[in-house]
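Written out below as structure tokens is the structure these notes cover.
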2 protein chains.
Amino acid sequence: MGLIVQKFGGTSVANTERINYVAKIVTDTYKKGNNVVVVVSAQGDMTDDLIEKAAEINPSASKREMDMLLSTGEQISASLLAMAISAMDFPVVSLNAWQAGIVSDSNYSNARIKRIETERLNKELDKNNIIIVTGFQGINKYDDITTLGRGGSDTSAVALAAALKADLCQIYTDVDGVYTADPRKVKTAKKLKEISYDDMLELATLGAQVLQNRSVELAKKYHVNLEVVSSFENKEGTKVKEAETVEKMLITGVAKDDKVARISVVGLEDVPGVAFRLFSLLGQKNVNVDIILQSIGRNNTKDITFTVGLDKLEEAMDVLHKAYPSTEISYNDNVSKVSIVGSGMQSNAGVAAKMFEALYSAGINIKMISTSEIKISVLIDKKDTDKAVEYIHDAFIR
Amino acid sequence: MGLIVQKFGGTSVANTERINYVAKIVTDTYKKGNNVVVVVSAQGDMTDDLIEKAAEINPSASKREMDMLLSTGEQISASLLAMAISAMDFPVVSLNAWQAGIVSDSNYSNARIKRIETERLNKELDKNNIIIVTGFQGINKYDDITTLGRGGSDTSAVALAAALKADLCQIYTDVDGVYTADPRKVKTAKKLKEISYDDMLELATLGAQVLQNRSVELAKKYHVNLEVVSSFENKEGTKVKEAETVEKMLITGVAKDDKVARISVVGLEDVPGVAFRLFSLLGQKNVNVDIILQSIGRNNTKDITFTVGLDKLEEAMDVLHKAYPSTEISYNDNVSKVSIVGSGMQSNAGVAAKMFEALYSAGINIKMISTSEIKISVLIDKKDTDKAVEYIHDAFIR
């Protein structure tokens with residue numbers, strides 16, 4: 001008995017059969033006496049098809065018009081799901097972002113939700129309607145349509161749950177929960193019954209594609225009870241909650257990211273402000289830098305090495321070559337990052353040592369190391385990625 | 001130099017090539033120093049595809065959800081056309097019904113525009129933007145999306161032209177104007193340079209599929225300068241204007257409608273109120289009745305014969321059989337209606353006689369006759385339709 005927000009992604013509403021299956025999940029929840037607000041993404045390849053159509057007409061279309069175009073995808077799946085639920089004789093209404101009062105900033109194609117004006121939503125809940133809301137989109141102050149960026153429907157769901165003070169926000173996906181490692185690669189990977197917001201956030205940021213990290217941030221901020229469940233099988237998922245209430249585990253997951261590259265800038269002058277200049281240049285171009293290592297070079301110089309996303313490598317090299325025309329700059333895109341995450345490690349010495357030992361016993365060389373309070377990342381050769389995950393996983397999780 | 005509203009239908013924006021062609025027409029108009037507001041329909045078969053998708057999920061989906069679904073079609077073509085125009089380096093913005101302030105009543109799937117709140121439109125015109133507006137749709141007082149019914153984009157265009165006091169409203173279609181008869185059937189059919197609102201209205205109602213009749217009504221009411229032009233060829237179209245300013249012709253067109261059926265109810269009691277009861281029963285079921293003929297039957301009875309649209313035949317027969325279980329009711333769906341239209345005939349005697357003479361010389365039997373101030377319709381055997389149109393056309397138009 002309460003208010004439950006349920007989010008279904010594109011594969012979950014890809015065709016009539018799937019839509020009917022989702023309608024069954026939603027109405028089963030409603031039948032138990034709950035109010036239900038559902039957030040849907042666009043059907044399967046709809047968004048990609050629209051992007052292709054646009055590219056044919058204008059490869060550099062404005063983001064404002066792209067958002068106007070793409071937002072239709074969710075409106076289609078929202079109305080179709082409402083029809084399916086109505087065919088089962090349940091009261092239902094579909095609302096787009098404007099009708100649902102989802103106000104965002106004006107950063108077209110990658111907007112952030114600023115607030116949700118819940119008047120209409122509450123009116124529909126008062127009528128005991130099941131509400132289907134278009135995910136992934138908002139309305140800005142100019143009354144224009146914005147989209148929240150890929151995976152933004154997770155954020156829509158969490159934001160709605162926060163605004164409506166929902167008792168639970170369920171994210172239905174094509175996996176059945178959060179695992180200690182990728183279950184397709186690591187046979188001994190375990191499904192977590194629960195995980196803290198912080199650990200989930202690190203895992204999401206480090207490449208586990210279960211939840212969009214902005215949605216986890218939001219859930220943590222507004223204390224939203226999150227749950228990751230399978231939209232294909234009816235079994236228990238993973239609950240994401242406050243750290244204090246989560247059963248302590250030393251580490252909760254091993255993640256890998258093989259879409260990274262390392263860049264080295266060698267022989268920079270050893271004076272104050274050198275690092276600042278370098279990284280602010282990259283920041284201006286929206287190049288996010290991850291692990292950073294600075295070492296003393298020869299003859300009063302220093303070397304700076306760091307990692308960037310593989311998709312930003314070219315742009316980063318370009319910026320650097322222009323800014324430092326006579327400096328030696330090299331890169332290696334044959335690397336990957338493997339990380340362990342766990343709030344438990346804060347109070348446990350020896351976690352890093354145990355991780356490095358696992359890598360040593362696998363004969364894997366560590367190129368860079370980065371640590372935070374709840375995670376440790378290492379950069380290794382790309383070919384060793386899966387082996388590293390397996391050895392580390394075995395060392396920590398039995 | 002002025003404000004021009006241009007409307008393009010579904011075939012005109014069916015693919016990238018067509019969209020680019022439309023963008024050319026629009027920007028050419030803009031380059032001449034005009035402000036341009038464009039109204040677009042959904043691409044080609046988009047609407048039919050969406051209807052099919054919905055039918056698979058819920059064959060009796062609510063009209064409210066159908067409108068939510070179908071309105072995406074125009075939003076897609078509006079944003080794509082904006083992208084095409086922007087690729088040609090012209091300032092442009094696409095607006096959906098809500099953004100454009102198109103307020104309708106709540107008659108989902110067949111709504112009427114109540115007013116247009118032009119604030120946003122004027123703001124964009126002040127910025128010298130070309131505006132692309134989604135046709136066929138509005139927003140009701142509940143902030144829900146409505147559609148105006150098939151062909152409703154014509155109405156959107158005329159309503160926008162009226163609200164913005166546009167100098168001209170151009171309806172681009174796949175024909176190049178209004179003809180005195182269907183040019184595919186009658187070789188001597190002539191394109192009209194101009195036609196009065198009233199004649200156009202009769203022609204639209206009688207089956208000439210050039211303009212939606214509601215749009216002509218609206219144009220007449222608000223004195224909108226209408227023009228029907230080809231979206232495929234660059235030649236002069238047909239202007240629709242006030243009767244006084246139109247060159248006088250005896251008749252302006254010959255139209256046919258072969259989607260009609262005749263129903264006869266035989267031997268009704270000859271007392272007051274009989275016709276009233278019969279037609280109010282049909283009215284309640286939204287069955288529109290056209291030509292009506294009442295004759296005295298045997299033994300103090302009367303017979304009532306009338307025509308209905310072929311698509312309403314079954315429903316009408318059903319209603320009548322239930323209401324008059326012991327009365328003889330028959331129908332004939334092998335008939336068609338041929339009409340002549342012309343404001344000129346008001347002041348000209350002998351027009352009807354001339355039409356009947358033409359039919360006589362073609363050896364065609366007249367089953368029913370109906371006349372108004374500016375039109376004469378006859379019901380004949382369906383097989384004679386094209387021949388009748390040809391003979392009548394030849395008698396009046398040389």
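List of remarks:
- Segment B:164-174, residues that are more than 13 Å from the chain's Cα centre (by Cα) and either assigned to a loop (DSSP other than H, G, I, E, B) or under 23 Å from B:Lys114 (Cα atoms) (or both): B:Leu164, B:Lys165, B:Ala166, B:Asp167, B:Leu168, B:Cys169, B:Gln170, B:Asp174
- For segment B:15-41, a residue qualifies if it is within 19 Å of A:Ala61 (Cβ to Cβ) and among the aliphatic types (A, V, I, L, M), and the qualifying residues are B:Ile19, B:Val22, B:Ala23, B:Val26, B:Val38, B:Val40.
- Residue among B:Ala388, B:Ala353 that alone is touching a strand residue (DSSP E or B) at 6+ places or on another chain (Cβ under 9 Å), over 13 Å from B:Ser264 (Cα atoms) and not aromatic (Phe, Trp, Tyr): B:Ala388
- Filter result for the condition that a residue is of a type outside the set (A, V, I, L, M, F, W, C), part of a strand (DSSP E or B) and surrounded by fewer than 22 Cβ atoms within 10 Å (Cβ to Cβ), over A:Lys123, A:Lys114: A:Lys114
- Candidate set: segment B:90-105, residues that are within 25 Å of the chain's Cα centre (by Cα) and either in a helix (DSSP H, G or I) or at the interface with another protein chain (Cβ under 8 Å from one of its Cβ atoms) (or both); chosen: the one surrounded by the fewest Cβ atoms within 10 Å (Cβ to Cβ): B:Trp98
- Members of segment A:293-336 found to be part of a helix (DSSP H, G or I) and acidic (Asp, Glu), listed by number: A:Asp311, A:Glu314, A:Glu315, A:Asp318
- For the residues B:Asn110, B:Asn140, the requirement of being within 29 Å of A:Lys141 (Cβ to Cβ) and out of contact with any helix residue (DSSP H, G or I) (no Cβ under 7 Å at 6 or more places or on another chain) singles out B:Asn140.
- Within segment B:89-105, residues that are at positive phi have Cβ atoms under 7 Å from residues that are outside any strand (DSSP E or B) in these pairs: B:Gly101/B:Glu117; B:Gly101/B:Thr118; B:Gly101/B:Glu119; B:Gly101/B:Arg120; B:Gly101/B:Leu121, counting only partners at least 6 apart in sequence or on another chain.
- Those residues of segment A:139-155 which are in a loop (DSSP other than H, G, I, E, B) and either under 10 Å from A:Gln212 (Cα atoms) or within 17 Å of the chain's Cα centre (by Cα) (or both), in sequence order: A:Leu148, A:Gly149, A:Arg150, A:Gly151
- Checking the stated criteria, A:Met355 turns out to be crowded, with 19+ Cβ neighbours inside 10 Å and among the hydrophobic types (A, V, I, L, M, F, W, C).
- Residue match in segment B:109-132 (condition: within 25 Å of the chain's Cα centre (by Cα), of a type in the set (Ser, Thr, Tyr) and more than 12 Å from every other protein chain (Cβ to nearest Cβ)): yes
- The condition of being more than 14 Å from the chain's Cα centre (by Cα), outside the structural domain of B:Gly342 (by TED's automatic domain parsing) and surrounded by 18 or more Cβ atoms within 10 Å (Cβ to Cβ) holds for only one of B:Val158, B:Val178, B:Val186, that being B:Val186.
The values are calculated or read from the model by the stated rules, or taken from the named source; none is laboratory data. This structure is a prediction, so every number in the text was calculated from the model and none was measured. Cβ: placed from backbone, ideal geometry, glycine included. Neighbour counts: every protein chain shown.
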